[in-house]
Amino acid sequence: MSYPVLAQEDEDEEYRSEIVYGLNFNTNGGIIGGAIFKYSQAVSSSMYQTFGIEVVNVKHPKELRVTYNNTNTFIAGKQNYLFAVRPQYGRELVLFRKAPDEGVQINAVAAVGPTLGLVKPYYILYSYSTTDVRSERYDPDRHDLSRIIGTGGMFEGFDEIKIVPGINFKAGLSFELSGFRNSVTGFEVGFMLEKYTSDIVLMPQASNRSFYTSGYLNLFFGSKR
């Protein structure tokens with residue numbers, strides 16, 4: 001397989017491949033949405049194909065964290081977590097190429113792929129009495145909110161995960177800020193569309209949906225060659 005040589009006027013060779021990883025922030029994910037990884041490979045002087053994966057936490061817009069006795073916290077009415085695993089294939093078009101060791105490179109980004117929606121039960125600490133507190137999967141038909149005193153075990157419920165498949169698409173702009181020839185730092189901003197095969201019940205007493213939209217910001221760093 002041959003690779004194109006991406007030459008500048010000073011005959012410096014641009015990168016043929018790039019590996020980056022970083023953090024995802026999005027309007028459905030709270031403070032930190034998740035993590036990203038992406039491999040890019042040149043297919044022409046201004047176009048790259050990309051292979052990536054994102055793992056993010058998707059929250060219901062009505063989630064509200066409640067504090068009990070100024071110590072324990074829980075999310076009132078939450079029944080499930082949703083973790084989206086998104087393998088993606090995409091293309092990046094170079095809109096503005098930076099100099100080898102300075103400036104900013106701007107790429108237009110688009111990617112599409114399947115989604116594996118991992119639906120994990122949300123566990124609570126439920127007080128049956130002052131001496132009987134149990135960690136249980138939240139059920140609005142069984143549990144009185146006034147008796148919930150905190151979030152249950154973080155690692156409980158992994159054996160109960162259900163997979164809901166879907167599809168995702170994103171588009172945005174990538175800004176590479178690195179001042180070193182073989183390293184990459186920067187950020188990507190854009191929007192995401194995601195559709196599952198069925199509604200994801202995150203909060204049973206609120207409206208739930210199968211189609212999600214969000215704005216996102218990815219902070220990344222890595223290497224190129």
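The values are calculated or read from the model by the stated rules, or taken from the named source; none is laboratory data. Predicted model only: the values in this text are computed from it and were never measured. Note that each Cβ is placed from the backbone with ideal geometry, even for glycine, and that neighbours are counted across all protein chains shown. Protein only, heavy atoms only, side chains kept; ligands, DNA and RNA dropped before computing areas. Shrake-Rupley method; radii C 1.70, N 1.55, O 1.52, S 1.80 Å.
Here are a few things to note about the model shown:
- As a rough guide to protection, the peptides 129-135, 57-63 ranked by mean Cβ packing within 10 Å, highest first, stand as 57-63, 129-135.
- Within the chain: Cβ-based charge dipole about Cα centre, in debye rounded to nearest 20 (Lys, Arg +1; Asp, Glu -1): 660
- THR27-VAL112 pseudo-label distance in nm [points 7 Å out on the Cα-to-Cβ vector]: 2.3
- At a probe radius of 1.4 angstrom, the accessible area of the stretch 105-165 per residue rounds to 54 square angstrom.
- Computed from the Cβ-Cβ distance with R0 of 25 Å, the FRET efficiency linking TYR89 to GLU160 stands at 0.20.
- Annotation: peptides 194-200, 24-30, ranked by per-residue average of other Cβ atoms within 10 Å with the highest first, follow the order 24-30, 194-200.
- For the stretch 57-64, backbone phi angles converted through the Karplus equation (6.51, -1.76, 1.60; θ = phi - 60°) give residue-by-residue couplings of 9, 9, 10, 7, x, 9, 5, 9 Hz, Gly and Pro being listed as x.
- Computed extension length for ARG147-GLU63: 28.4 nm, one decimal, from 0.36 nm per residue of separation with the Cα-Cα distance subtracted.
- Residue list for the stretch 15-42, given a label point 7 angstrom along the Cα-to-Cβ vector of LEU219 and an amide N cut-off under 19 Å: 20-38
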